[in-house]
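The values are calculated or read from the model by the stated rules, or taken from the named source; none is laboratory data. This structure is a prediction, so every number in the text was calculated from the model and none was measured. Virtual Cβ from ideal backbone geometry, glycine too; neighbours counted across all protein chains shown.
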């Protein structure tokens, strides 16, 4: 089995509605022209396993920064962040790397596909890093699942925006992550392709019971979430359960 023991422990011990992410009084401060700017200001929140949480707010509200902090892509200036009770606040890059590769999945607005790799190779890469001997078969199955079975050998410059995002989604899911972080995943897509990516995300979230934490400015996406947190000036001003 290629999963780390940490990931196996998560699979065995957590169930839907157990806390999987916890942030305690998290602040992120940048210094611009010798002036401190608090982008995230004393945020505390808990995300349950299997939950679909949307973080929304106007441009500059701190939502993408908060996502980066929760996922360990950036370090908090103060406060503490836990994943299944394991504090990641001060973990080294070496300690965070396997967690980002296997426990977390990431989907970004700008796709971030390797231009020199085919669609299949882009998806296989995280699984190969994790030592999965079935990487090619699982990547191929994911491409079939998202309707790109005929695109396995195409390179990113041969794909449309919607196709690139589907490849990016497959790459994020190849290691069956506990948590999927998505930062404006439909932001660079037209309405039709954006709707298609959202439906894929929701279908795969439901099938796999993956915790989905998504940053978006789209009210249509927020309406589909189970819970919505609204940020303003780096602070949580609303935290609401959605009745759907």
Query raised in the report: Taking residue 203, is it farther than 24 Å from residue 46 by Cβ and either out of contact with any helix residue (DSSP H, G or I) (no Cβ under 8 Å at 6 or more places or on another chain) or modelled with pLDDT under 95 (or both)?
Result: yes
Query raised in the report: residue 74: more than 13 Å from the chain's Cα centre (by Cα), touching a residue at least 12 places away in the same chain (Cβ under 8 Å) and either more than 30 Å from residue 154 (Cβ to Cβ) or part of a strand (DSSP E or B) (or both), yes or no?
Result: yes
Requested in this report: Would you check which residues across the stretch 94-134 are touching a strand residue (DSSP E or B) at 6+ places or on another chain (Cβ under 8 Å) and part of a helix (DSSP H, G or I) and list them?
Outcome: 99, 100, 103
Report task. Evaluate the stretch 3-12: report whether one residue or more is surrounded by 14 or more Cβ atoms within 10 Å (Cβ to Cβ), assigned to a strand (DSSP E or B) and either in contact with a helix residue (DSSP H, G or I) (Cβ under 7 Å, 6 or more places away or on another chain) or at pLDDT 85 or above (or both). Result -> no
Requested in this report: Test each condition in (1) surrounded by fewer than 15 Cβ atoms within 10 Å (Cβ to Cβ); (2) touching a residue at least 40 places away in the same chain (Cβ under 8 Å); (3) under 24 Å from residue 136 (Cβ atoms) for residue 233 and report the one that comes out false.
Outcome: (3)
Query raised in the report: For residue 188, are the conditions met, namely being in contact (Cβ under 8 Å) with a residue 24 or more places away in the chain and more than 20 Å from residue 65 (Cβ to Cβ)?
Result: no
**Report entry** Tally of residues being in contact with a helix residue (DSSP H, G or I) (Cβ under 8 Å, 6 or more places away or on another chain) and either closer than 21 Å to residue 197 by Cβ or surrounded by fewer than 15 Cβ atoms within 10 Å (Cβ to Cβ) (or both) across the stretch 99-118
**Finding:** 10
Report summary line: Over the stretch 70-98, the set of residues in contact with a helix residue (DSSP H, G or I) (Cβ under 6 Å, 6 or more places away or on another chain) and surrounded by 17 or more Cβ atoms within 10 Å (Cβ to Cβ) is 72, 76, 84
Query raised in the report: Of the residues that make up the stretch 196-208, is at least one closer than 16 Å to residue 109 by Cβ, surrounded by 24 or more Cβ atoms within 10 Å (Cβ to Cβ) and within 14 Å of the chain's Cα centre (by Cα)?
Result: yes
